[in-house]
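K.L.:
Before we start, here is the structure in question, set down as structure tokens.
The values are calculated or read from the model by the stated rules, or taken from the named source; none is laboratory data. It should be emphasised that the depicted structure is a prediction, and the values quoted were computed from it without experimental measurement. Here Cβ is always computed from backbone atoms with ideal geometry, including for glycine, and neighbour counts include all displayed protein chains.
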Amino acid sequence: MAQKKYRVVHYLNQFFAQIGGEEKANIPPLIKEGAVGPGIPLQQALGEEGEIVATMICGDNYFAENIEAAVEKVVESVSRYKPDVFVAGPAFTAGRYGIACGASCSAVSKKLGIPVVTAMYEENPALDLYRKEVYVIPTADSVRGMKEAIPKMSGFVRKLGLGQEIGLPQEEGYFPRGIRVNQFVGRTGAERAVDMLLSKLRGEPFQTEYPMPTFELVPASPAIRDLRSTTIALVTSGGIVPLGNPDRIEAASASKFAEYNIAGVDDLTPDAYQTCHGGYDPTYANDDPDRVLPLDAMRALEKDGTIGKLYDVYYVTVGNATSVANSQKFGKAIAEKLKAADVDGVILTST
Amino acid sequence: MRLELGIIKIKDVQFGDETIIEDSTLYVNKKELIALARQDDRLSEADVELARPGEEVRIIPVKDVIEPRVKVSGSGELFPGLVGKMGTVGSGRTNVLRGAAVATVGRIIGPQEGFIDMTGPGAQYSPFSQINNVVLVLHPIDGLDPHAYEEAMRLTGLRAAVYLGKACKDIAPDELEVYELSPVTDTTLPRVVYLSTLLSEGLLHDTWFYGVDAKKLLPTLLHPNEVMDGAIVSGNCVSACDKHTTYHHLNDSVIKELYRRHGKDLNFVGVIVTNLNVTLLDKERSTDYASKLVKLIGADGAIIAEEGFGNPDTDLMMLCKKMEEYGIKTVLITDEYAGQDGASQSLADAVPQADAVISVGNANEVVTLPPMKHIIGDLKSAEVISGGFVGSVTASGGLSVEIQTIMGSTCQLGFGKLTARGY
């Protein structure tokens with residue numbers, strides 16, 4: 001008995017679906033049975049094992065202008081075909097098309113739990129938006145690269161369709177997603193370290209196990225020349241919270257920040273505040289929480305007129321082992337709140 | 001400097017009337033060990049339990065693990081400057097109870113300790129799951145400051161390791177390991193130095209070197225045998241995954257690997273210890289000084305192992321940058337904090353010169369572990385140790401925690417076989 005074919009739904013824009021060019025870029029999502037356009041050579045490459053059961057089509061402008069509605073429609077239409085794999089593109093350098101491919105793949109993966117893959121050129125702006133969530137296969141920068149793209153995509157679709165494990169990006173040929181996954185390997189870290197050092201000393205090729213990240217450098221704001229009429233806020237990653245840690249901020253790997261009102265509070269005392277920060281001896285922070293969140297000093301500055309006012313709310317999280325991604329997220333959210341409250345300056349304290 | 005380690009293999013541990021070794025079984029006189037612990041009047045209560053590989057036992061919260069040893073000949077005593085008389089260690093004969101360890105348990109601060117599972121999926125992450133643990137559960141007297149409790153626990157753990165070690169002083173070892181930096185005649189072999197960084201941020205992030213608080217050190221050069229013979233002692237209460245216990249220092253995996261290849265692929269010229277202090281001034285001074293020492297001894301390459309994470313990432317990167325600028329090739333060993341989803345960048349600092357990095361795993365990875373029949377210590381502390389959270393203890397008594405909580409899971413001495421890969 002022939003094995004059951006895995007089912008594939010393919011996403012294309014109006015152009016590759018041969019509906020029309022820019023003049024048709026406003027068409028809303030529609031789904032057609034079977035393979036269309038680049039889907040035809042893709043189907044040939046998949047052979048007898050898999051079948052493109054439907055093609056999802058949407059105009060690039062419609063998608064860009066109605067992204068939520070378009071995504072919802074794609075998910076709903078795709079779900080009716082019960083595919084094993086969802087594939088989109090290739091989008092080459094087309095930005096709107098790339099975003100439509102990425103957003104469709106991301107939503108289908110998240111909402112339907114179906115494996116997804118798309119393909120585009122390395123400078124397509126959609127790549128950085130979706131590479132963490134979606135397998136993206138590199139292509140050339142224009143449709144002239146279709147011939148090379150199809151076999152790469154079909155190989156990947158086949159693996160997903162047959163439920164095979166996807167290996168490392170360098171083995172499978174997708175853009176690294178930047179997801180770090182733990183694995184036990186055959187040799188200890190010390191053995192690997194000495195091997196790597198010898199290769200480096202001999203001028204032989206070697207591969208680092210962690211390529212250095214590039215840090216987002218935050219330019220310092222211009223100095224405030226006159227503090228007398230300013231509102232200054234306190235923000236800390238040192239974990240100073242009301243006694244009992246009411247929002248349950250984690251001692252390490254914080255998943256949240258919290259805000260507390262300090263209007264009318266002049267001093268942080270151990271009967272009302274504590275640190276919830278792991279990773280250091282909290283004795284001194286708990287004895288006098290002002291040591292980490294200098295409220296008493298700020299009140300003194302407020303009283304003698306050095307600053308106009310201390311903002312009534314402070315923000316707190318725990319820095320211990322908290323990921324950079326979470327820290328960026330908290331920082332952005334806190335900054336927006338402070339900006340909305342017309343706070344002029346912030347004192348950040350850590351541990 | 002020639003060090004012989006007389007390896008006495010321990011396959012089981014039992015309580016007995018006398019602390020002795022018979023047929024690879026370590027018998028422990030519980031009363032004597034408790035009496036030894038009670039010598040420190042800062043401890044109110046002490047208990048001893050045994051945990052063997054494969055048993056359904058979870059030990060939590062663990063502070064330090066120490067391999068029992070005894071000096072048979074040669075200068076110095078074990079753990080000089082702390083429980084041993086001062087004297088240079090690293091030569092003569094030291095007998096080792098391989099396959100046994102002392103583990104100290106007690107909630108000093110809560111967040112800064114870890115756990116050991118003796119079986120189940122958690123056991124693959126910790127080297128201490130594979131050895132026979134003599135567990136000292138130590139309680140402080142009322143009102144004892146955490147730093148005093150830490151010291152009492154540290155010294156008691158060391159004394160217990162020495163006490164157990166004495167039982168093997170006159171036993172013929174199963175194996176003899178000989179460590180000697182014999183002269184290398186092949187001048188084409190690259191000269192390699194090992195840079196061991198010692199956590200020294202204070203507030204219970206401390207390491208002791210010949211009894212000296214490491215935060216007061218200037219980087220210094222030593223023979224690898226000194227490390228293997230007790231010159232470095234852990235005083236750390238930090239995340240369990242990547243603190244170097246005293247056991248790790250005694251069995252430093254980088255030193256062992258450099259020894260293994262000494263004279264064949266490289267010329268192992270020595271160890272430099274440096275500290276990991278908190279201020280920029282200290283970081284600049286120590287990394288300047290350590291890099292200069294590496295240059296002075298004419299090293300071509302260096303392996304730099306980090307301890308801890310976050311703040312020490314900066315020291316690691318400064319060491320790397322300064323050495324590479326001297327023309328010394330470096331390889332770094334670090335773990336990662338890439339978030340529970342693995343999607344964040346992993347380090348708190350980076351320099352472009354760090355092009356050769358060994359990753360020993362993402363400490364934020366969450367694992368679900370089954371309940372164990374017996375808990376030594378206090379299971380609830382899993383919710384406050386670094387990498388645990390409210391709800392970490394499941395209804396059935398299992399754990400859902402980051403591997404950060406497991407003793408030695410991402411040891412940056414490259415002790416284990418875990419790594420993280422980019423997908």
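K.L.:
Which one is farthest from residue A:15 (Cα to Cα), of the residues in segment A:128-143 that are of a type in the set (Ser, Thr, Tyr) and more than 14 Å from chain B (Cβ to nearest Cβ)?
P.N.:
Of the residues in segment A:128-143, the ones of a type in the set (Ser, Thr, Tyr) are A:130, A:135, A:139, A:142.
Next, only the ones that are more than 14 Å from chain B (Cβ to nearest Cβ) stay: A:139, A:142.
Numbers: A:139: 18, A:142: 14 Å.
Only one residue fits best here, namely A:139.
K.L.:
Before we move on, is residue B:406 more than 7 Å from every other protein chain (Cβ to nearest Cβ), farther than 24 Å from residue B:196 by Cα and in contact (Cβ under 8 Å) with a residue 12 or more places away in the chain? Show your work before the answer.
P.N.:
Numbers: more than 7 Å from every other protein chain (Cβ to nearest Cβ): yes; farther than 24 Å from residue B:196 by Cα: no; in contact (Cβ under 8 Å) with a residue 12 or more places away in the chain: yes.
Judged against the criteria, residue B:406 is not a match.
K.L.:
Kindly provide the set of residues from segment B:23-46 that are charged (D, E, K, R) and either touching a residue at least 12 places away in the same chain (Cβ under 8 Å) or touching a Gly at 6+ places or on another chain (Cβ under 9 Å) (or both), ordered by number. Show your work before the answer.
P.N.:
Of the residues in segment B:23-46, the ones charged (D, E, K, R) are B:23, B:30-32, B:38, B:40-42, B:45.
Within segment B:23-46, B:30, B:32, B:40, B:41, B:42, B:45 qualify.
K.L.:
I'd like to check something: does segment B:378-386 contain any residue that is more than 18 Å from residue B:129 (Cα to Cα), more than 23 Å from the chain's Cα centre (by Cα), at the interface with chain A (Cβ under 7 Å from one of its Cβ atoms) and surrounded by fewer than 22 Cβ atoms within 10 Å (Cβ to Cβ)?
P.N.:
No, segment B:378-386 has no match at all.
K.L.:
Hey, another quick one. I need a count of the residues in segment B:201-215 that are surrounded by 21 or more Cβ atoms within 10 Å (Cβ to Cβ) and within 11 Å of another protein chain (Cβ to nearest Cβ). Reasoning before the result, please.
P.N.:
Looking only at segment B:201-215, we keep the residues that are surrounded by 21 or more Cβ atoms within 10 Å (Cβ to Cβ), and these are B:201, B:204-210, B:214.
Those left that are additionally within 11 Å of another protein chain (Cβ to nearest Cβ): B:201, B:204-206.
Qualifying residue count for the region: 4.
K.L.:
Given the condition in a loop (DSSP other than H, G, I, E, B), assigned by TED's automatic domain parsing to the domain that holds residue A:339 and in contact with a Ser or Thr (Cβ under 9 Å, 6 or more places away or on another chain), answer yes or no: does some residue in segment A:215-224 qualify? Show your work before the answer.
P.N.:
So the first thing to find is which residues in segment A:215-224 are in a loop (DSSP other than H, G, I, E, B), and the list is A:215-224.
Remaining after also requiring assigned by TED's automatic domain parsing to the domain that holds residue A:339: none.
Within segment A:215-224, not a single residue is in a loop (DSSP other than H, G, I, E, B), assigned by TED's automatic domain parsing to the domain that holds residue A:339 and in contact with a Ser or Thr (Cβ under 9 Å, 6 or more places away or on another chain).
K.L.:
May I pose another question? Tell me, which residue of segment B:255-311 that is part of a helix (DSSP H, G or I) and hydroxyl-bearing (Ser, Thr, Tyr) is farthest from the other protein chains (Cβ to nearest Cβ)? First the steps, then the outcome.
P.N.:
So the first thing to find is which residues in segment B:255-311 are part of a helix (DSSP H, G or I), and the list is B:255-261, B:280-296, B:311.
Okay, now just the ones that are also hydroxyl-bearing (Ser, Thr, Tyr), so B:259, B:286-287, B:289, B:291.
Working: B:259: 10, B:286: 20, B:287: 18, B:289: 22, B:291: 16 Å.
For segment B:255-311, the residue satisfying everything is B:289.
A quick yes/no check of all residues on (1) within 14 Å of another protein chain (Cβ to nearest Cβ); (2) surrounded by fewer than 20 Cβ atoms within 10 Å (Cβ to Cβ); (3) among the polar types (S, T, N, Q):
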residue: B:57; (1), (2), (3): no, no, no
residue: B:64; (1), (2), (3): no, no, no
residue: B:71; (1), (2), (3): no, no, no
residue: B:86; (1), (2), (3): no, yes, no
residue: B:114; (1), (2), (3): yes, no, no
residue: B:121; (1), (2), (3): yes, yes, no
residue: B:126; (1), (2), (3): yes, no, yes
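K.L.:
Given the condition free of Cβ contacts under 8 Å to residues at least 24 places away in the same chain, within 14 Å of chain B (Cβ to nearest Cβ), assigned to a helix (DSSP H, G or I) and acidic (Asp, Glu), answer yes or no: does some residue in segment A:286-307 qualify?
P.N.:
Yes, segment A:286-307 has at least one match.
K.L.:
Given the criterion within 25 Å of the chain's Cα centre (by Cα) and of a type in the set (Ser, Thr, Tyr), identify the matching residue among B:394, B:330. So that I can check it myself, show each step before the final result.
P.N.:
Values: B:394 fails: within 25 Å of the chain's Cα centre (by Cα).
On inspection, the qualifying residue turns out to be B:330.
K.L.:
Now for a different question. What do you reckon, is residue A:82 at pLDDT 95 or above, in contact with a strand residue (DSSP E or B) (Cβ under 7 Å, 6 or more places away or on another chain) and away from chain B (no Cβ under 13 Å)? Full working, then the answer.
P.N.:
On the way: at pLDDT 95 or above: yes; in contact with a strand residue (DSSP E or B) (Cβ under 7 Å, 6 or more places away or on another chain): yes; away from chain B (no Cβ under 13 Å): yes.
Yes, satisfied.
K.L.:
Can residue B:101 be described as outside any loop (DSSP other than H, G, I, E, B) and in contact with a Phe, Trp or Tyr (Cβ under 7 Å, 6 or more places away or on another chain)? Let's see the steps before the verdict.
P.N.:
Values: outside any loop (DSSP other than H, G, I, E, B): yes; in contact with a Phe, Trp or Tyr (Cβ under 7 Å, 6 or more places away or on another chain): yes.
So residue B:101 passes the test.
K.L.:
Report whether or not residue B:391 is farther than 27 Å from residue A:325 by Cβ and either in contact with a helix residue (DSSP H, G or I) (Cβ under 9 Å, 6 or more places away or on another chain) or surrounded by fewer than 22 Cβ atoms within 10 Å (Cβ to Cβ) (or both).
P.N.:
Working: farther than 27 Å from residue A:325 by Cβ: no; either in contact with a helix residue (DSSP H, G or I) (Cβ under 9 Å, 6 or more places away or on another chain) or surrounded by fewer than 22 Cβ atoms within 10 Å (Cβ to Cβ) (or both): yes.
Spelling it out, it is not the case that residue B:391 is farther than 27 Å from residue A:325 by Cβ and either in contact with a helix residue (DSSP H, G or I) (Cβ under 9 Å, 6 or more places away or on another chain) or surrounded by fewer than 22 Cβ atoms within 10 Å (Cβ to Cβ) (or both).
K.L.:
Further question: If I filter segment B:355-377 down to residues being in a loop (DSSP other than H, G, I, E, B) and farther than 15 Å from residue B:403 by Cα, which single residue comes out as farthest from the other protein chains (Cβ to nearest Cβ)? Don't jump to the end; show me each part of the working.
P.N.:
Applying the first criterion (in a loop (DSSP other than H, G, I, E, B)) to segment B:355-377 yields B:355-356, B:363-365, B:370-373.
Next cut, farther than 15 Å from residue B:403 by Cα only: B:355-356, B:371-373.
On the way: B:355: 6, B:356: 5, B:371: 22, B:372: 22, B:373: 26 Å.
Step by step, filter segment B:355-377, then rank; the result is B:373.
K.L.:
Output the residues belonging to segment B:216-245 that are part of a helix (DSSP H, G or I), within 24 Å of residue B:313 (Cβ to Cβ) and more than 14 Å from chain A (Cβ to nearest Cβ).
P.N.:
Filtering segment B:216-245 for residues part of a helix (DSSP H, G or I) gives B:216, B:224-228.
Now narrow it down to the ones that are within 24 Å of residue B:313 (Cβ to Cβ): B:216, B:227.
Once the filter is applied, which keeps residues that are part of a helix (DSSP H, G or I), within 24 Å of residue B:313 (Cβ to Cβ) and more than 14 Å from chain A (Cβ to nearest Cβ), segment B:216-245 yields only B:216.
Each row is one residue, and each column tells you yes or no for (1) in a helix (DSSP H, G or I); (2) within 12 Å of chain B (Cβ to nearest Cβ).
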position: A:248; (1), (2): no, yes
position: A:251; (1), (2): no, yes
position: A:259; (1), (2): no, no
position: A:264; (1), (2): no, no
position: A:325; (1), (2): yes, yes
position: A:331; (1), (2): yes, no
